[in-house]
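Engineer: This is the structure, below, for whatever I ask next.
The values are calculated or read from the model by the stated rules, or taken from the named source; none is laboratory data. Only a predicted model underlies this, so the values are computations on that prediction, with no experimental measurement involved. Here the Cβ positions follow ideal geometry from the backbone for every residue, glycine too, while neighbour counts run over all protein chains shown.
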Amino acid sequence: MELLDDIKAAREVVQALLKAKKTFRMYPETNPMYAKTIEDTHAKFRNFFDYRDELTFKIKQNELFCDSEQIYYNPEKEDNIALFFFKDALREITFKKGFSVKELEDFLKILTVDYDREVLDDDVVTLLWERDFQNVKYVVDEAFLTEDEDYESEAVREVKDKASDGDELTKAYEDSFTEEGVKDISIVPLTDKDLHAVVKEIEKDAQDKTGKLVAIIFEMLYQAENKSEYEDAAHFLNSIIEFSIRHGDLDTALKILRKAREVSGIPLIADEAKKSLNMVFSFLGYDAAIKLIGELLDSGVEINEKVWDEYVAFLDKNAIEPFITILGELKSIPARKNVINALISLGRKDIQALAKGLYDSRWYVVRNIIYILGKVGDKAAADYLLKTVNHSDIRVRKEGIKALGELGVPGVFPALRECFNDPEVQIRTAAARALGNIRSTTAKSIILQRMTDAAFVKTEFSEKKEFYEVLSKWKDNDVVEFLMKTLRKKAFFKRALNDENRACAAYCLGLMGNKDALPLLHKAKESKNKLLREYVYSAIKRIDYGR
Amino acid sequence: MDGSEVKGEVFTEAKDIINQLAVIIRTAAIHDPGNIAVTTAIDKFIALTNPLILSERELALELGREFFYLNEIRIRYSLEYLPKFDFLVLEFRKRGLGSIVFRDALKSEDMQSFLRAFTASASSPEPFELLAEELTDVGSLGVGKLRKIRDEEKTEGGSAVRRMVKKSYFNAVSYTRGVISKIKSDEKVNIKKAKRVVESMVDLILEEEQLLLGMTSIKDYDEYTYHHSVNVSILSVALAQRLGLSKRALIELGLVALFHDIGKIDIPSEVLNKSTSFTDDEWNLVKKHPKWGVRAILKMRGIDATAVRAAIVAFEHHMYYDFSGYPKIKEPMELDFYSKIISLADQYDAMTSARVYSRIPMPPDRALSLMMERAGTQLDPILFKFFINMIGVFPVGTLVMLDTRELGLVYQSDTVFLDRPKVLVIINSKGERGEGYIVELSEKAPDGKFLRSIVKTMDPNKYRINLAEYLR
């Protein structure tokens, strides 16, 4: 029976559309499933068009009908394709036989738009209207647009009440014989030049208009007459900055900031105007603005380093705290790198605010803050960093020790010395490296003191090697003497451990490139200890060939 | 590629078919249709049309009012096609030609026969009849007569269309009133609905431009502010669609125009509705509405692309082309394209309405004449040319006396014969009032002279003529 077959085919089209709606949300255009969904759905349409030239769905709140047959019913609000059309006043939709694959794809895109997003001002009908499908027609219930049912009749009645009676019309007719003749309005034809000018203007009109609005807001600032108008202007500039950042456009934000700085510097500008512009600069550091910056950085949009640096230069210290907050939330490495660079720059304005980040509950944030404090290079940072060597997380402690080494102020030595007693080898070696970075006499003596300690010989070879490597940074006589002495040292007991020490001393002399040590090294080459022989051999080679 | 793909593509290129037809006709006016210059152009035309004839069986090119339709689908075109389209409209109308139907596979010889008949018919007193007769034996081509407006009006469909236009117009006005009331009471405004209202207007402008423009000419409604906003929106969109703006841009422009005067909600109503002229202080207050408009829009919408455009227009719509208006600005800027369009529409509607500026409404033709003086100073001169092309020398609603001693209202402009609109005669040549009948001033007598011409224009407001009664 043909009737039943075409209704069945129409039902299959609806099911295919529902399935496609889901698939389109799940897969990107590049996914093979995307193309397959289009093809499968189009096949269902083609199947229907084998029976008829037009497929019309009549739309009710929870139902779709083809002719008078119900082909879809869903009483739920979720995933209800009938309700989806119905709520925007669509009452009928027709697909014609020529409905192409491209049209289907565009139609499916319209079906899958997230209409609940607040920023979206379009509904299904608007998108169908804009796409202007050749083979999709629809009927909309215009009552949806009527705000006041009686408005039209009332307005027309009012006009009628004012209208003249027939006498005035007759008077108009009589007067017309005495009125002066028509005023000539010459018809100037459009020329090609006119058309080109308009085409050019339309092309130019496609440019972004935000910059123009900025200029207008500044004009409003110049013309402001009371506090509220000044504040409005500042608020609008903030909103434009926010809008620009949201759209990945730091350039526009920078233009506003440059202009604000320029206007603030005009001597005759009203104090109220300056105050409102200060509000703009402060706004940049608010949580909301920094959060948006975070989203922009994480979005993968490439940000020019100069642009970023200039933007950061406009920020005030109030941005430090929100930046620390987002530092732990950012997903991409380049984004974190940009925030870290910003905090290094801002931290110089308020190291105390930056140091608050050391109390963050996220270990990785604390580690970043330690790094930043180290890069700030302010000696005052040492007081904050000293506390981090006792942090519960070893990764934080290591970073803290490293930062203390970079700061190198005298106050850090007791803490670093204390680290040698830490049960974790990573902490002990980190402290050694930190002292190596400081490279002062005190640092050297702390290291040597540790290395001459009787217990040092018993430490793991790798740790010993780290200490000797650090020691190689001081190329003075004290160190050379200590190393030669260690290399010469013989032992009857725990000979293997002593040879480990000798191997490390050889390694260190090699790193230092000390030629005076060569005779002693050649002598040690004959040792029965394989490890010592290998390290001595390497050291000689390094000294002889500089590698 | 399946059949549907072919159809989609050819329809997309329908404007090229019109373009090529204009080329052929122009070339045939200089050379014999058998000349290689013409036949080459014909071949190109056939290459465009035959695939479509093949898939559609028949291809009907029809002129409906100012637009061409290909198998009932209106052909849209960008500005660079405008001269060719206008040329073809003129040539069709000169001959009373309403449609050409192409059947089977079109051959070069058939097109040559058509061109010979088409050229010859130009000088005939009955051009369409001659054309139809000459083409009787050409199987693949047929022609149809141009339908007259009065024929269309008599149909049931014609009055249904008018009802629909009227409904859409009042929906827009009532929506605008609702929006303004919501803004005043700080309620959220539904922009999705605003878009739908404007879409409906844009559709009508694309299909029934003259009818919707006719609605803007009725100025006696009480709630001027709302009607003015809608009128400016309609006039702006109508102008912009002639400039070739995209549908998306037309919606944006229509929305922006709807809100151009939104700053006026902050002007005290006792000032705004004053029946006497403004004092200096009151004027200064009124002059603040552009910046208050920016404030209202940005507070209502926040920042997005449409709000940016709307705020710009709200600020600039009184600045004028030469920046002689208000507000005065400190740093030079270029006037926005939309501002220039809306400024034209705003001036025209304001001048032809009561309760603004001098508070004496001007007859449409006088307003146009004044605007012509302002073209190049207050108004963009090129856009004004487009505007006058759209609205005609005697815009809808103008009260006119004809040389036949008939008194009537301009009912519809004629975009080809700008000074020869369609007129609804309300008093006949004997001075009698009747039901009213429509005459086309572009109609000629067999001797080639126009049957009727406008000799005088009068102010319909002076005689309190209810335009709504006649133009609905």
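Here is a yes/no grid of residues against (1) part of a helix (DSSP H, G or I); (2) touching a residue at least 12 places away in the same chain (Cβ under 8 Å):
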{"site": "A:Lys402", "(1), (2)": "yes, yes"}
{"site": "A:Glu406", "(1), (2)": "yes, yes"}
{"site": "A:Pro423", "(1), (2)": "no, no"}
{"site": "A:Val457", "(1), (2)": "yes, yes"}
{"site": "A:Phe467", "(1), (2)": "yes, yes"}
{"site": "A:Lys475", "(1), (2)": "no, yes"}
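Engineer: What's the number of the only condition in (1) part of a loop (DSSP other than H, G, I, E, B); (2) of a type in the set (Val, Ile, Thr); (3) in contact with a Ser or Thr (Cβ under 8 Å, 6 or more places away or on another chain) that B:Val410 fails to meet?
Structural biologist: (1)
Engineer: Identify the single condition in (1) small (Gly, Ala, Ser); (2) in a loop (DSSP other than H, G, I, E, B); (3) surrounded by fewer than 19 Cβ atoms within 10 Å (Cβ to Cβ); (4) more than 10 Å from every other protein chain (Cβ to nearest Cβ) that B:Gly434 does not satisfy, given that it satisfies every other one.
Structural biologist: The failed condition is (2).
Engineer: Would you confirm whether or not segment A:217-227 contains a residue that is without any contact (Cβ under 8 Å) to a residue 12 or more places away in the chain, more than 7 Å from chain B (Cβ to nearest Cβ) and either in a helix (DSSP H, G or I) or closer than 30 Å to B:Gln241 by Cα (or both)? Break it down stepwise before answering.
Structural biologist: Taking segment A:217-227 as the starting set, the residues that turn out to be without any contact (Cβ under 8 Å) to a residue 12 or more places away in the chain are A:219, A:223, A:225-226.
From what is left, the residues that are more than 7 Å from chain B (Cβ to nearest Cβ) are A:225-226.
From the residues that got through so far, the ones that are either in a helix (DSSP H, G or I) or closer than 30 Å to B:Gln241 by Cα (or both) too are none.
The answer is no, given that none of the residues of segment A:217-227 is without any contact (Cβ under 8 Å) to a residue 12 or more places away in the chain, more than 7 Å from chain B (Cβ to nearest Cβ) and either in a helix (DSSP H, G or I) or closer than 30 Å to B:Gln241 by Cα (or both).
Engineer: Checking A:Ser527 against (1) in contact with a Phe, Trp or Tyr (Cβ under 6 Å, 6 or more places away or on another chain); (2) part of a loop (DSSP other than H, G, I, E, B), which single condition isn't satisfied?
Structural biologist: Checking A:Ser527 against (1) in contact with a Phe, Trp or Tyr (Cβ under 6 Å, 6 or more places away or on another chain); (2) part of a loop (DSSP other than H, G, I, E, B), the one that fails is (1).
Engineer: Still on this structure, please answer the following. Which of the residues belonging to segment B:227-250 are over 20 Å from B:Gly178 (Cβ atoms) and of a type in the set (S, T, N, Q)? Can you show your working first?
Structural biologist: We begin by selecting, within segment B:227-250, every residue over 20 Å from B:Gly178 (Cβ atoms); these are B:235-250.
Across segment B:227-250, the qualifying residues are B:Ser236, B:Gln241, B:Ser246.
Engineer: Looking at (1) surrounded by fewer than 19 Cβ atoms within 10 Å (Cβ to Cβ); (2) free of Cβ contacts under 8 Å to residues at least 40 places away in the same chain, find the lone condition where A:Arg502 falls short.
Structural biologist: Answer for A:Arg502: the failing condition is (1).
Engineer: Just to confirm my filter: which helices (runs of 4 or more DSSP H) fall fully inside segment B:259-327 and include at least 3 residues that are without any contact (Cβ under 8 Å) to a residue 24 or more places away in the chain and either assigned by TED's automatic domain parsing to the domain that holds B:Ala194 or within 32 Å of the chain's Cα centre (by Cα) (or both)?
Structural biologist: By residue number, B:269-272, B:280-286, B:305-316.
Engineer: In segment B:217-239, which residue that is out of contact with any strand residue (DSSP E or B) (no Cβ under 9 Å at 6 or more places or on another chain) and modelled with pLDDT under 85 is surrounded by the fewest Cβ atoms within 10 Å (Cβ to Cβ)?
Structural biologist: Looking only at segment B:217-239, we keep the residues that are out of contact with any strand residue (DSSP E or B) (no Cβ under 9 Å at 6 or more places or on another chain), and these are B:218-239.
Among the residues that remain, those that are also modelled with pLDDT under 85 are: B:218-225.
Numbers: B:Ile218: 24, B:Lys219: 22, B:Asp220: 23, B:Tyr221: 19, B:Asp222: 13, B:Glu223: 16, B:Tyr224: 19, B:Thr225: 20.
That would be B:Asp222.
Engineer: I'd like the residue in segment B:200-214 that is out of contact with any Gly (no Cβ under 8 Å at 6 or more places or on another chain) and either among the aromatic types (Phe, Trp, Tyr) or under 23 Å from A:Asp121 (Cα atoms) (or both) and, out of all such residues, is farthest from the other protein chains (Cβ to nearest Cβ).
Structural biologist: By that ranking, first place goes to B:Ile205.
Engineer: Here is a follow-up. Does A:Asp192 count as facing chain B (nearest Cβ under 9 Å) and under 30 Å from B:Asp380 (Cα atoms)? Reasoning before the result, please.
Structural biologist: Values: facing chain B (nearest Cβ under 9 Å): yes; under 30 Å from B:Asp380 (Cα atoms): yes.
Criteria met by A:Asp192.
Engineer: Being among the hydroxyl-bearing types (Ser, Thr, Tyr) and touching a strand residue (DSSP E or B) at 6+ places or on another chain (Cβ under 7 Å) is the filter here; which residues of segment B:422-449 pass it? Please lay out each step first, then the result.
Structural biologist: Within segment B:422-449, the subset among the hydroxyl-bearing types (Ser, Thr, Tyr) is B:429, B:437, B:442.
Hit for segment B:422-449 is B:Tyr437, nothing else.
Engineer: Quickly run through segment A:66-107 and pick out the residues that are at pLDDT below 90, buried (at least 19 other Cβ atoms within 10 Å of the Cβ) and closer than 28 Å to A:Thr30 by Cα.
Structural biologist: Correct list: A:Gly98 only.
Engineer: Can you name the residue in segment A:1-44 that is free of Cβ contacts under 8 Å to residues at least 60 places away in the same chain and among the aromatic types (Phe, Trp, Tyr) and is also surrounded by the most Cβ atoms within 10 Å (Cβ to Cβ) among such residues?
Structural biologist: A:Tyr34
Engineer: Next up: State whether one or more residues within segment B:394-416 are more than 10 Å from every other protein chain (Cβ to nearest Cβ), surrounded by fewer than 19 Cβ atoms within 10 Å (Cβ to Cβ) and touching a residue at least 60 places away in the same chain (Cβ under 8 Å).
Structural biologist: So far as segment B:394-416 goes, yes, one or more of its residues are more than 10 Å from every other protein chain (Cβ to nearest Cβ), surrounded by fewer than 19 Cβ atoms within 10 Å (Cβ to Cβ) and touching a residue at least 60 places away in the same chain (Cβ under 8 Å).
Residue-by-condition table, conditions (1) part of a helix (DSSP H, G or I); (2) in contact with a strand residue (DSSP E or B) (Cβ under 7 Å, 6 or more places away or on another chain); (3) within 24 Å of A:Asp232 (Cα to Cα):
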residue: A:Val280; (1), (2), (3): yes, no, yes
residue: A:Gly294; (1), (2), (3): yes, no, no
residue: A:Lys306; (1), (2), (3): yes, no, no
residue: A:Glu310; (1), (2), (3): yes, no, no
residue: A:Ala313; (1), (2), (3): yes, no, no
residue: A:Ile326; (1), (2), (3): yes, no, no
residue: A:Ser345; (1), (2), (3): yes, no, no
residue: A:Lys349; (1), (2), (3): no, no, no
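Engineer: Now, a different point. Part of a helix (DSSP H, G or I) and among the β-branched types (Val, Ile, Thr) - does that describe any residue in segment B:375-389? Walk me through it before giving the result.
Structural biologist: Initial filter on segment B:375-389 (part of a helix (DSSP H, G or I)): B:381-389.
Among the residues that remain, those that are also among the β-branched types (Val, Ile, Thr) are: B:382, B:388.
Checked segment B:375-389: at least one residue is part of a helix (DSSP H, G or I) and among the β-branched types (Val, Ile, Thr).
Engineer: Among A:Gly328, A:Gly377, A:Gly300, which is over 24 Å from A:His247 (Cβ atoms), at pLDDT below 90 and not hydrophobic (A, V, I, L, M, F, W, C)?
Structural biologist: Values: A:Gly328 fails: at pLDDT below 90; A:Gly300 fails: over 24 Å from A:His247 (Cβ atoms).
Of A:Gly328, A:Gly377, A:Gly300, the one residue that is over 24 Å from A:His247 (Cβ atoms), at pLDDT below 90 and not hydrophobic (A, V, I, L, M, F, W, C) is A:Gly377.
Engineer: Of the conditions (1) over 33 Å from the mean Cα position of the chain (by Cα); (2) assigned to a helix (DSSP H, G or I), A:Lys58 satisfies every one except a single condition; which number is it?
Structural biologist: If we test A:Lys58 against (1) over 33 Å from the mean Cα position of the chain (by Cα); (2) assigned to a helix (DSSP H, G or I), just (2) comes out false.
Engineer: Which of the residues that make up segment A:1-53 are aromatic (Phe, Trp, Tyr), part of a helix (DSSP H, G or I) and within 30 Å of A:Ser68 (Cβ to Cβ)?
Structural biologist: Start the filter on segment A:1-53 by keeping residues that are aromatic (Phe, Trp, Tyr), which leaves A:24, A:27, A:34, A:45, A:48-49, A:51.
Now restrict to residues that are part of a helix (DSSP H, G or I): A:24, A:34, A:45, A:48-49.
If the condition is that a residue be aromatic (Phe, Trp, Tyr), part of a helix (DSSP H, G or I) and within 30 Å of A:Ser68 (Cβ to Cβ), then A:Phe45, A:Phe48, A:Phe49 are the ones that fit.
Engineer: Another question, if that's okay. Would segment B:341-350 turn up any residue that is farther than 27 Å from A:Pro189 by Cα, among the small types (Gly, Ala, Ser) and touching a residue at least 60 places away in the same chain (Cβ under 8 Å)? Full working, then the answer.
Structural biologist: Filtering segment B:341-350 for residues farther than 27 Å from A:Pro189 by Cα gives none.
Scanning segment B:341-350 turns up no residue that is farther than 27 Å from A:Pro189 by Cα, among the small types (Gly, Ala, Ser) and touching a residue at least 60 places away in the same chain (Cβ under 8 Å).
Engineer: Output the number of residues of segment B:255-291 satisfying the condition of being within 24 Å of B:Ser174 (Cβ to Cβ) and surrounded by 15 or more Cβ atoms within 10 Å (Cβ to Cβ).
Structural biologist: 15
Engineer: Another question, if that's okay. Please specify each residue of segment A:233-244 satisfying the condition of being within 16 Å of the chain's Cα centre (by Cα) and surrounded by 21 or more Cβ atoms within 10 Å (Cβ to Cβ).
Structural biologist: Looking only at segment A:233-244, we keep the residues that are within 16 Å of the chain's Cα centre (by Cα), and these are A:241-244.
Passing the criteria: A:Ile241, A:Phe243, A:Ser244.
Engineer: Additional query: Mind listing just one residue for me: the one in segment B:286-314 that is more than 17 Å from A:Lys209 (Cα to Cα) and of a type in the set (A, V, I, L, M) and, of those, farthest from the other protein chains (Cβ to nearest Cβ)?
Structural biologist: So, considering only residues that are more than 17 Å from A:Lys209 (Cα to Cα) and of a type in the set (A, V, I, L, M), the one farthest from the other protein chains (Cβ to nearest Cβ) is B:Val286.
Engineer: A further question follows. Given the conditions (1) surrounded by fewer than 17 Cβ atoms within 10 Å (Cβ to Cβ); (2) closer than 22 Å to A:Ser440 by Cα; (3) of a type outside the set (Ser, Thr, Tyr), which single one is not true for A:Gln352?
Structural biologist: (2)
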